[in-house]
1. Can you give me the angle between helix 2-14 and the longest principal axis of the chain, using Cα atoms only, in degrees from 0 to 90, rounded to the nearest 10?
2. Can you pull the one-decimal nm distance between simple spin-label points at GLU163 and ARG57, each 7 Å off the Cα toward Cβ?
3. Within the set of other residues whose C-beta is less than 12 Å from the C-beta of ALA138, count the net charge using Lys and Arg as +1 and Asp and Glu as -1.
4. For the pair VAL68 and ARG199, what calculated FRET efficiency results from E = 1/(1 + (r/R0)^6), where r is the Cβ-Cβ distance and R0 = 51 Å, to the nearest 0.05?
5. What's the angle, to the nearest 10 degrees (0 to 90), between helix 282-299's Cα axis and the longest principal axis of the chain?
6. Return P(r) of region 1-86 (all Cα-Cα pairs; 10 Å bins starting at 0; whole %; ordered from short to long distances).
7. Pulled fully out, how much extra length does the chain show between ALA213 and ARG242, if you take 0.36 nm times their separation in residues and subtract their Cα-Cα distance?
8. Could I have the simple spin-label model distance between ALA192 and ALA325, label points 7 Å from Cα toward Cβ, reported in nm to one decimal?
Amino acid sequence: VAGVEAALALHALCRDRVDVELLAPGEELRLGAMVPVQALGGVARAGGHPLRPIAERAGARLTRGALVGIDADRRIALTADGRELAYDRLVIAVGARRERWLGAGPVYLGGPDDLPDLLELRRRIVGAARRGLTTRLAVVVPGGPGWALPAYETALLLADHLERRGLRERLELELVTSEDAALAAFGPEASAAVAEDLRAAGIGLRTGAVVRAWAWGRLDLLPHGGLLTDRVLALPTLRGPRIEGVPRDALGFIPADARGRVRGLRDVHVVGDAGPFPLKQGGIGCQQADTVASAIARELGARVDPIPFEPSLRGLILRDARPRALRAALEGGRAESPGVTSDEERLWLPEAKVAGRFLGPALAGALAGTTLSDLPPD
Ligand SMILES: Cc1cc2nc3c(=O)[nH]c(=O)nc-3n(C[C@H](O)[C@H](O)[C@H](O)COP(=O)(O)OP(=O)(O)OC[C@H]3O[C@@H](n4cnc5c(N)ncnc54)[C@H](O)[C@@H]3O)c2cc1C
């Protein structure tokens, strides 16, 4: 997400001065943001976008490969298959590593690779409900750096999914979060609105609860207590990438200043989940990418205004027919009308889910004609 935004931004800001090579292991831009709605909302096609046309739009060369290290003195990026790619500026956008911190038992909601598990969970819950059996499901948000919204969205979509099939009473849903309040990052007004959404959907909410373990059908909670549950859907904990020659902080993230410049390395930047900012969100990653692209453009002599990193949060919970749009300016961030908004258009499309200045228009249209009805059968 952030890497593509950076390439598009560089093209928009200084196309004649820059020659961009986009190094990616696959041929698709896969959006984690669309996983809940792919599994439960019926937008089956919305997750993957061919990278080649997007790279073309950015005037970039697409190179298949994975970054494993850098030689900063020689300005060389090293790939997994042993190639050396020369650079003048390097933007690292490899995302975070996902850790299965509760062991192998739960289903994890960590990105596109987890979609099959989420579909299987849905099938099992619906299957049990059709046989008259009730499933208790806990949706768990761990502490630490990350992005809690998909847990709320998935819980609401799941409740709605069963409601539409007349099976809602066969699912007991509890959202267990280490946050002080529901989606606390958006502030009290949004928290209250989301807590009300959960209540209206019959979903229990436990805040300030740290899950220690899940064993024998019981979630052990700190500071005290427990929760009996048949199944667990958990967000993974996030850790930084391992790239030889690039510094790491205590959790493995790449330390950088507010302009994305990696500490101790010249002309190396980091954007998105791999960097040090604790909220790991696509929209934030895109804002970082724009900041870095504008700084590079200026260094290359383009006459563009700097784009400061003034983080503002936009979140969209896709639930039944009335998506909930949330906004907040973070400390030092750009003024946004806070809390809950309802002015978003084209709410079901990926460009609304991942708010990127240049990525949004690139994704728009890619899904023209997509409907909400192509949900696979239970
Ligand atoms: C279920 C879920 C729902 C979410 N919902 C939202 C939402 O609604 N809105 C929102 O803004 N954010 C959302 N997020 C968060 C968002 O997906 C991430 O914050 C965002 O994708 C991070 O962007 P990134 O570019 O840093 O990393 P990623 O999007 O993870 O991209 C990293 C890329 O780097 C590639 N890569 C990995 N290792 C290497 C390597 N060694 N060399 C080269 N390439 C490599 C990967 O293939 C991948 O393409 C959600 C996340 C999840 C899991």
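The values are calculated or read from the model by the stated rules, or taken from the named source; none is laboratory data. Owing to the predicted nature of the structure, the values given are computational and were not obtained by experimental measurement. Counting neighbours? That spans all protein chains shown, and the Cβs are built from the backbone with ideal geometry, glycine included. All accessible areas refer to the heavy atoms of the entire protein, side chains included, with ligands and DNA or RNA removed. Shrake-Rupley method; radii C 1.70, N 1.55, O 1.52, S 1.80 Å.
1. Result, in degrees: 40.
2. In this crude spin-label approximation the distance works out to 3.4 nm.
3. Surrounding charge for ALA138 is 0.
4. 0.60
5. 10 degrees
6. 16, 37, 33, 12, 2
7. So the extension gain works out to 7.7 nm.
8. For ALA192 paired with ALA325, the spin-label model returns 2.2 nm.
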